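Undergrad: What follows is a single structure, and I will ask about it in a moment.
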Amino acid sequence: MEYLLRKEFRLPIFVLLCLVAGGALYASPLGGYIWIVGIIAGVVKILWDSAGKIRRGEYSLDYIAFLAMVVSLVAEQYLAGAVVALMITGGEALDEYASARAESALRGLAERIPKTCTVKLASGATSEKPIQDVREGEVIVIRPNELIPLDGTLRSDEALLNEANLTGEAIPVSFHRGSFIKSGGVNVGETMMLEVQGTFESSTYMKIVHLVDEAKEHQAPVVRLAERVNFPFTAIALILAGGAYAYSGELWRALAVLVIATPCPLIIAAPVAFIGGLSRAARRNIIVKRPATLEELTRVKKIFFDKTGTLTLGEPRLTAIKPTATARNENELLAIASAIEFHSIHPLARAILTARTKRSAPMLEATGVVETIGKGIAGDVGGSRFTIKKAAGANGLVLSLSEGENEIARMSFEDEIKENVGELFQTFARDRIATEILTGDRRENAERIFSHLDVIVRADLSPESKFAIVDEAKQKGGVVAMVGDGLNDAPALAEASVGIVFSGTENSAAIDAADAVILGRDVGLISELFETARRSMRVARQSIWGGVALSTIGMLFAAFGFVPPVAGALIQEVIDIAVILNSLRAATSK
């Protein structure tokens with residue numbers, strides 16, 4: 001109910017009330033007057049919106065809808081005019097509501113930054129200070145689980161950060177004194193000190209916010225199929241109506257032509273087909289925000305994919321245990337590592353515990369466990385002291401397990417690729433849609449995961465880099481889609497012609513920047529979304545061109561005097577029903 005009370009929906013609700021009230025008083029002249037009020041509201045709305053479009057240099061106006069309402073007044077077809085007014089005002093309200101939602105999400109993205117910072121004074125004491133007032137060179141204190149609000153240089157000996165907001169990678173990253181730290185990450189280690197560089201507005205996190213804002217503000221307008229048919233159909237109707245009157249001198253012939261030209265096939269066909277497509281997608285756990293998104297999907301020539309959480313599960317998996325200097329077998333080593341990592345919340349610790357369960361390795365107990373953030377974890381198992389830490393000189397995610405001072409095993413981890421990813425890329429290759437992977441992960445990691453696929457991989461990318469790549473592809477004239485799942489993807493999702501997001505991360509910024517949301521992790525639903533779009537477009541085309549053809553035939557008969565205005569109105573209603581029934585096929589699975 002609260003959504004219906006928003007200002008965007010006030011006008012369509014008013015028109016709906018006029019429609020209902022007029023119907024209740026149909027037997028009375030007052031009913032017709034009430035419908036006229038609804039029609040006038042629709043006409044005023046179109047005139048107001050058209051004036052704004054013309055000021056922006058846009059001339060794809062609702063000519064035929066405007067003409068339909070004016071004709072309904074002249075022909076005293078008030079009910080039909082009121083229905084057209086409801087459709088026009090309702091559609092505009094949904095567009096305005098979607099835009100308002102995007103702006104609200106953008107404000108929320110900026111508001112996630114803390115409003116104040118804890119600044120360390122020269123005396124050693126600390127003081128709270130508004131984040132906008134923090135100056136370059138000042139040292140701020142960031143406690144565990146706090147978001148890094150500003151860029152700066154690390155003044156603590158070490159720090160452990162989750163940079164998923166920036167790179168998409170969930171594995172925490174260690175930093176040492178003197179390292180440059182970008183804002184937007186989360187401190188998952190101990191309290192750290194950061195010497196500020198730059199200002200709040202120039203910080204990395206705010207750059208992401210501004211990129212999303214810029215992309216939303218400069219989206220290219222969608223030229224829809226109904227709009228392309230709109231002008232020639234209107235021109236044909238006016239020519240036939242004018243010609244009929246000029247030839248016969250009888251106004252009723254012109255009126256009959258215009259009544260049959262009431263543009264319901266254009267106004268109704270595509271929306272009904274696309275709404276049917278939205279319904280079909282929703283049954284498959286795909287939420288498409290606007291019907292126009294389905295039309296855009298049919299024009300996509302290139303798709304960019306994020307890696308982590310999109311094509312992969314975003315969770316490390318233990319792939320190998322290699323003994324180096326021990327007689328113990330893999331299950332014995334896994335049992336030792338699990339006993340120690342049981343006391344850690346690190347993502348790699350969870351991967352080790354999951355692997356122990358899957359392999360049914362023995363369950364051991366560790367005592368005297370000590371974890372040093374960024375350095376490793378140690379504990380006593382079976383009378384010996386074991387240490388787990390990052391393996392020196394190893395490529396990728398590799399941990400070293402040592403007994404005392406001697407390394408006894410190495411454990412390798414990999415992000416697990418989702419099922420059907422290879423099939424997904426093959427499908428797009430058959431459809432002649434180019435694909436690329438954009439990731440903030442290191443190149444060697446990404447190429448190792450996708451080496452078996454014939455796909456371009458671009459690695460070590462920042463959110464700004466992803467945005468620039470998508471923007472460059474759009475500038476070359478192509479319709480571009482972006483598939484992602486996190487805040488680091490939000491600018492690219494917003495900049496793409498169509499943004500598609502997996503919702504598993506609960507990242508509202510990415511979800512609101514996108515045009516379609518896939519619930520769950522199944523990449524096969526991406527193919528399902530594109531197929532739904534193609535089917536909806538086929539049905540919409542059939543309905544539009546079929547309706548236009550039938551209306552044109554009817555207009556020709558009316559122009560030559562074979563169809564009076566009242567009969568023309570009935571003929572148009574029959575055409576409308578046929579168009580609607582055909583468009584409803586888009587909601588079916590075949």
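Undergrad: Any residue in the stretch 396-418 that is at negative phi sitting within a Cβ distance under 8 Å of a residue that is surrounded by 21 or more Cβ atoms within 10 Å (Cβ to Cβ) and of a type in the set (Lys, Arg)? List the pairs, counting only those 6 or more apart or interchain.
TA: Going by the 8 Å Cβ cut-off, the qualifying pairs are Asp415/Lys307.
Undergrad: Would a scan of the stretch 481-495 turn up a residue that is at pLDDT below 85, surrounded by fewer than 21 Cβ atoms within 10 Å (Cβ to Cβ) and over 20 Å from Ala446 (Cα atoms)?
TA: There is no residue in the stretch 481-495 that is at pLDDT below 85, surrounded by fewer than 21 Cβ atoms within 10 Å (Cβ to Cβ) and over 20 Å from Ala446 (Cα atoms).
Undergrad: Select from the stretch 346-379 the residues that are aliphatic (A, V, I, L, M) and in a helix (DSSP H, G or I) and write down the one among them that is surrounded by the most Cβ atoms within 10 Å (Cβ to Cβ). Spell out how you get there, then give the answer.
TA: Going residue by residue through the stretch 346-379, those that are aliphatic (A, V, I, L, M) are 348-349, 351-353, 355, 361, 363-364, 366, 369-370, 373, 377-378.
From what is left, the residues that are in a helix (DSSP H, G or I) are 348-349, 351-353, 355.
Working: Leu348: 20, Ala349: 21, Ala351: 22, Ile352: 26, Leu353: 18, Ala355: 20.
Checked the stretch 346-379; the qualifying residue surrounded by the most Cβ atoms within 10 Å (Cβ to Cβ) is Ile352.
Undergrad: If you don't mind, there's one more thing I want to ask. Given (1) more than 30 Å from Leu493 (Cα to Cα); (2) part of a helix (DSSP H, G or I), identify the lone condition not met by Ser400.
TA: Against the list (1) more than 30 Å from Leu493 (Cα to Cα); (2) part of a helix (DSSP H, G or I), Ser400 comes up short only on (2).
Undergrad: Taking only pairs six or more apart or across chains, which ones have beta-carbon atoms under 6 Å, a first residue in the stretch 10-25 that is of a type in the set (Gly, Ala, Ser), and a second residue that is surrounded by 13 or more Cβ atoms within 10 Å (Cβ to Cβ) and outside any loop (DSSP other than H, G, I, E, B)?
TA: Sorted first by the residue in the stretch 10-25, then by its partner, the pairs are Ala21/Ile34; Gly22/Gly31; Gly22/Ile34; Gly22/Trp35.
Undergrad: All but one of (1) within 40 Å of the chain's Cα centre (by Cα); (2) modelled with pLDDT of 75 or more; (3) surrounded by fewer than 17 Cβ atoms within 10 Å (Cβ to Cβ) hold for Phe231; which doesn't?
TA: (2)
Undergrad: Considering only residues that are surrounded by fewer than 16 Cβ atoms within 10 Å (Cβ to Cβ) and modelled with pLDDT of 85 or more, look in the stretch 384-398 and name the one that is farthest from Ser344 (Cα to Cα).
TA: Ser384
Undergrad: Take the residues in the stretch 169-217 that are closer than 19 Å to Leu348 by Cβ, touching a helix residue (DSSP H, G or I) at 6+ places or on another chain (Cβ under 8 Å) and aliphatic (A, V, I, L, M); name whichever of them is modelled with the lowest pLDDT.
TA: The qualifying residue modelled with the lowest pLDDT is Ala170.
Undergrad: Let me ask you something else. Select from the stretch 154-168 the residues that are touching a Gly at 6+ places or on another chain (Cβ under 8 Å) and surrounded by fewer than 23 Cβ atoms within 10 Å (Cβ to Cβ) and write down the one among them that is modelled with the lowest pLDDT.
TA: Top of the filtered list is Glu163.
Undergrad: Determine which single condition Thr372 fails, assuming it passes every other condition in (1) under 44 Å from the mean Cα position of the chain (by Cα); (2) more than 23 Å from Pro316 (Cα to Cα).
TA: Answer for Thr372: the failing condition is (2).
Undergrad: On to the next question. May I ask you to say which residue of Leu529, Leu570, Leu550 is surrounded by fewer than 16 Cβ atoms within 10 Å (Cβ to Cβ), in a helix (DSSP H, G or I) and in the same structural domain as Asp431 (by TED's automatic domain parsing)?
TA: Leu570
Undergrad: Among all residue pairs at least 6 apart or on different chains, which show Cβ distances below 7 Å where the first residue, located in the stretch 440-455, is under 20 Å from Glu163 (Cβ atoms) and the second is among the acidic types (Asp, Glu) and modelled with pLDDT under 85?
TA: From residues that are under 20 Å from Glu163 (Cβ atoms), the pairs are Gly440/Glu169; Asp441/Glu169; Ile449/Glu414; Ile449/Asp415.
Undergrad: Among the residues of the stretch 85-137, write down those that are surrounded by fewer than 16 Cβ atoms within 10 Å (Cβ to Cβ), modelled with pLDDT of 70 or more and assigned to a helix (DSSP H, G or I).
TA: Gln132, Asp133
Undergrad: I've got another one for you. Give the residue, chosen from Ile433, Ile469, that is within 24 Å of Val173 (Cβ to Cβ), of a type in the set (Val, Ile, Thr) and in contact with a strand residue (DSSP E or B) (Cβ under 8 Å, 6 or more places away or on another chain).
TA: Ile469
Undergrad: Considering only the stretch 557-566, I want to know if a residue exists there that is at pLDDT below 80, aliphatic (A, V, I, L, M) and surrounded by fewer than 20 Cβ atoms within 10 Å (Cβ to Cβ).
TA: The answer is yes; a qualifying residue exists.
Undergrad: Please go through the stretch 293-320 and give me each residue that is more than 15 Å from the chain's Cα centre (by Cα) and more than 24 Å from Asn488 (Cβ to Cβ), ordered by number.
TA: Those that are more than 15 Å from the chain's Cα centre (by Cα) and more than 24 Å from Asn488 (Cβ to Cβ): Glu295, Thr298, Arg299, Lys301, Leu318, Thr319, Ala320.
Undergrad: Which of the numbered conditions does Thr324 fail, given that it passes all the others? Conditions: (1) in contact with a helix residue (DSSP H, G or I) (Cβ under 9 Å, 6 or more places away or on another chain); (2) at pLDDT 85 or above.
TA: Condition not satisfied by Thr324: (1).
Undergrad: Where in the stretch 273-345 are there strands (runs of 3 or more DSSP E), lying wholly inside it, with at least 2 residues that are aromatic (Phe, Trp, Tyr) and crowded, with 19+ Cβ neighbours inside 10 Å? Let's see the steps before the verdict.
TA: Details: elements: 286-288, 300-306, 312-323.
Result: 300-306.
Undergrad: If you go through the stretch 421-476, how many residues are part of a helix (DSSP H, G or I), of a type in the set (Gly, Ala, Ser) and surrounded by 18 or more Cβ atoms within 10 Å (Cβ to Cβ)?
TA: 2
The values are calculated or read from the model by the stated rules, or taken from the named source; none is laboratory data. Only a predicted model underlies this, so the values are computations on that prediction, with no experimental measurement involved. Virtual Cβ from ideal backbone geometry, glycine too; neighbours counted across all protein chains shown.
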